[in-house]
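Beneath this line is the structure, given in structure tokens, with notes to follow.
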Amino acid sequence: MVASANHESSQAKSRTVKYRKTKASWNPAMQAVPIPGIRRMVNLAATMKDVIHLSIGQPDLPTPKHIIDAYVDALHAGQTGYTMDAGLPELVTALRDYYGKRYNRKLTRDNILVTNGATEAMYLAIAATAAPGRQFLVTDPSFLLYAPLIRMNGGEVKYVPTHVENNHQLDPNDVIRAIGPRTFALILNNPNNPTGAVYPRSTVEAILEECAYRGIQVYADEVYDHFIFDDDEFASVLNCAVDLDNIMCISSFSKTYSMAGLRVGWVISSQAAIKSLRRYHMFTTSVANTPAQFAGVAALNGDQQCVTDMLNIYRERRDKIVDLIAQTPHLNGYKPGGAFFAFPDLPPHVDGTDLALRMLKETGVCVVPGDSFGEGCTNALRFSFSTTCEKLDAAFDRIIPWMAKQNL
Ligand SMILES: Cc1ncc(COP(=O)(O)O)c(C=O)c1O
């Protein structure tokens, strides 16, 4: 009796142990994946009626018709198989020619790898190089992908803060001061999400020069490189770097041509780096979506007036939101020069998450709290102006009187 009871209890124990083992089987790296604040807000908003979203990080403008046509034509032509692992040859050639001309840099097809959006490109760059003891410099605030990816892959994040008083410009001296013996790479996101800051040539060149001198890798995320509102030229790393030995330039079709859901991006780097990343890409996603790559060829080779038209619309919205933020009590704004985000501060002691949640519940306007983007900006809010001027007006018609009543 006793023996059988013991047997049962040991069976129960082994079941418990098995269960525990199953639960413990997640890779510990999963702990580095946060529950993004952006999701919390959007989930809550989904349960509410009459919400105005200033939270969205993707273009609202339609994909140009010639690009859609190329996608559909590719499907009808039976282009539904895998492409070459480096990308559809026509797309790799189009990217080589496009970038070679735009930045006056001699590129070969071996400098290019086509990926599933800039997200996969950044994933490959970080996952292929992060390791314990390797420190990555990241601006604070920064796009919410970078820090978790670095930590998931064993790397260490060191933040370099940017500030609203300085229009969230990145001071090259802050980057240089942050470099230490463990510094392995810098993530340079220009134009920046969430701040909309565009770094001028002098900043990019100073940073690249120092990184090249010290052998530090630079992973440049340039997905908003066409959304530049005030400057005549954009200082891409492809144009500013002496060579590509320590550079990976990452971009995609998502923003420029309103193709976020088609999932095509790329990395441009030295031939040696592309060779390694290509292997990793094969074992990660194999290839990017084939008809979407044909759509990409049409985007690059087609008339670029569609990009100019979109830029003009975003600029008009940028001007409007700058004006509306300036009229809003408690918000301390500035003029973002690119992308489609503004990132004004609240007074220093205010918890942006708490305020954003209350604002959503009480006004039905959804924005993203600053703590989604780093550690030092918990009193900031990200406003996306990837929405119409009418919606921006309607949102601030609610926000301004509500803010005026807050005793912050
Ligand atoms: C700075 C930045 N990088 C990368 C991405 C992801 O781009 P993709 O759609 O090409 O994966 C985004 C999307 O919001 C972004 O804001």
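The values are calculated or read from the model by the stated rules, or taken from the named source; none is laboratory data. These numbers were taken from a predicted model, which means no experiment stands behind them. Note that each Cβ is placed from the backbone with ideal geometry, even for glycine, and that neighbours are counted across all protein chains shown.
Key figures for this structure:
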{"quantity": "Residue within region 290-298 that is out of contact with any Asp or Glu (no Cβ under 8 Å at 6 or more places or on another chain), in contact (Cβ under 8 Å) with a residue 40 or more places away in the chain and within 13 Å of the ligand (Cβ to nearest atom) present", "calculated": "yes"}
{"quantity": "Failed item, numbered, when Ser276 is tested on (1) away from the ligand (no atom under 14 Å from the Cβ); (2) in contact with a helix residue (DSSP H, G or I) (Cβ under 8 Å, 6 or more places away or on another chain)", "calculated": "(2)"}
{"quantity": "Pick from region 329-378, criterion surrounded by fewer than 22 Cβ atoms within 10 Å (Cβ to Cβ) and among the β-branched types (Val, Ile, Thr), ranking: farthest from Gln58 (Cα to Cα)", "calculated": "Val350"}
{"quantity": "Elements of type helices (runs of 4 or more DSSP H) contained in region 1-110, each with 2 or more residues being surrounded by 10 or more Cβ atoms within 10 Å (Cβ to Cβ) and modelled with pLDDT of 80 or more", "calculated": "37-46, 65-76, 89-103"}
{"quantity": "The listed residue being of a type outside the set (Val, Ile, Thr), over 25 Å from Ser372 (Cα atoms) and within 16 Å of the ligand (Cβ to nearest atom), out of Leu188, Leu107, Leu91", "calculated": "Leu91"}
{"quantity": "When residues of region 113-150 are limited to those that are in contact with an Asp or Glu (Cβ under 7 Å, 6 or more places away or on another chain) and assigned to a helix (DSSP H, G or I), the one farthest from the ligand (Cβ to nearest atom)", "calculated": "Met122"}
{"quantity": "Restricting region 169-214 to residues that are touching an Asp or Glu at 6+ places or on another chain (Cβ under 8 Å) and among the hydrophobic types (A, V, I, L, M, F, W, C), the residue that is farthest from Phe383 (Cα to Cα)", "calculated": "Ala212"}
